[in-house]
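Asks: Supplied in structure tokens, the structure appears directly below.
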Amino acid sequence: MTPLPLQLPSSITHQPQLNHSHFSLSSLLSSLLFISSPSLSLAHKNIMVYFEGEKEHKDLIPGLPNEIAELCLLHVPYPYQALSRSVSSTWNRAITHPSFIFSKKTLSHPNLFVLAFHSQTGKLQWQALDPSSARWFLLPQMPSPEEDDACPAPLACAALPRQGELFVVNGRETLAYRAATNQWSVTGGPGRRELVAAVGVEGRIVAVGRGGTGVYDPESDTWQEGSELGGELERYEVVAAAGRVYVTEGWWWPFMFRPRGWVYEVERDTWQEMRVGMREGWSGVGVAVGERVFMIAEYGDSPVKVYDEEHDTWYPVGGGRFPREVMKRPFCATGLDDRIYVASRGLNVAIGIVETVQDVKGCSADVSVTWQVVEAPRAFREFSPCSCQVLYA
């Protein structure tokens, strides 16, 4: 399916437009209130003056020392920083300087990127949520894949959160989105193999499907063919934890067959069959947090469980109940640091905070999850998530 742009109210979801309000001197100076924070102090140590040696010095912001102006530019939030490059050649040189980019990473925070499907129009579009402000942004339109037949290739989505990069893999191309520039680029794909699911693992993208296994290295922009799975699956769900990729088909109606699953050792390039307890207990949407695999069940009140590798079983987690009254199926999930991010129908988002606990009454697991909900505007009620990824932006 070729994704097309969505028509949404600009006050709710929009592509940012450059205007004076976004870059007013007062708003930039207000960021200096945080100058005593550890992250800003670290960033300040890495900042350098960009204009030494030039015959003509230009102020980044008239009336301010460049060192102070640089601090202000560091606090221009995603996705406006990419647009601020067009203000002047001086700003462009400052913002694209490697030292500035490195410092910006210390001030970035997670944003949730959701590939949304409109139930009435059938259109697809990437959107980004800033959880701290509950504000949504519309990403630039994803490039349409080149197809020479009537059957479009499936899209496998993955991310490298720390690098701020999102990848969409189809049969012939790899589409890459970078939060730092708010732009898409197109590179070569894994060939015409049908890879239907992907996940980021230690700086690389592992994609799997009926066409086998492909491993993409963004640094060298190259694909390598991995070893074959032991057999085809009815459907593919992937989760990466501790250098392994877990692939399962899960249970599906009418539950006549036990689910199959496989585990891929990335460094060894080997597949082995998933253990019985893990694959038969995997009855929902999987997500990895802190090198452990969690699962949000797709039945009842959607209980959350964590896999115990030692005992090959799933245990219910402690903490609050998953907000099932707000989060309606279908939903997808992703994890980063100590957070679980879940996007549901209508693009409501639940964020689970994972904590290690001991001796929780009525709980066999050693972790608990506390949930917070970010409700989406009513204008999103016809949208459902196809994929969600977290990036530092």
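The values are calculated or read from the model by the stated rules, or taken from the named source; none is laboratory data. Keep in mind the model is a prediction, meaning the values are calculated, not measured. Every residue, glycine as well, gets a Cβ built from its backbone with ideal geometry; the counts of neighbours run over all protein chains shown. Protein only, heavy atoms only, side chains kept; ligands, DNA and RNA dropped before computing areas. Shrake-Rupley method; radii C 1.70, N 1.55, O 1.52, S 1.80 Å.
Asks: For Lys123, which aspartates and glutamates qualify as cross-link partners when the Cα separation must be under 17 Å and same-chain residues fewer than eight apart are set aside?
Replies: Reachable aspartates and glutamates: Glu382.
Asks: Hey, what do the phi angles of region 323-334 turn into as Karplus ³J(HN,Hα) couplings, whole Hz, using 6.51/-1.76/1.60 and θ = phi - 60°, x for Gly and Pro?
Replies: Going residue by residue, I get x, 5, 5, 9, 8, 9, 5, x, 9, 10, 9, 8 Hz, with x marking Gly and Pro.
Asks: Another question, if that's okay. Could you calculate the contour length gain from Ser227 to Glu291, that is, 0.36 nm times the residue separation minus the distance between their Cα atoms, to one decimal place in nm?
Replies: Additional length available on full extension: 20.7 nm.
Asks: Non-local amide H neighbours of Phe117 (under 5 Å, H modeled in plane, Pro and chain starts lacking H): which ones?
Replies: Placed amide hydrogens put Ser384, Cys386 under 5 Å from Phe117.
Asks: So for the pair Ser89, Asp337, with labels modelled 7 Å out along Cα→Cβ, what separation do we get in nm?
Replies: 3.9
Asks: Another question about this same structure. Roughly how many Å² of Arg329 are accessible to a 1.4 Å probe, to the nearest 10?
Replies: We get 80 Å² for Arg329.
Asks: Any idea how far apart Thr121 and Lys105 come out in nm if each label point goes 7 Å out from Cα toward Cβ?
Replies: Taking the simple label geometry, Thr121 and Lys105 are separated by 3.7 nm.
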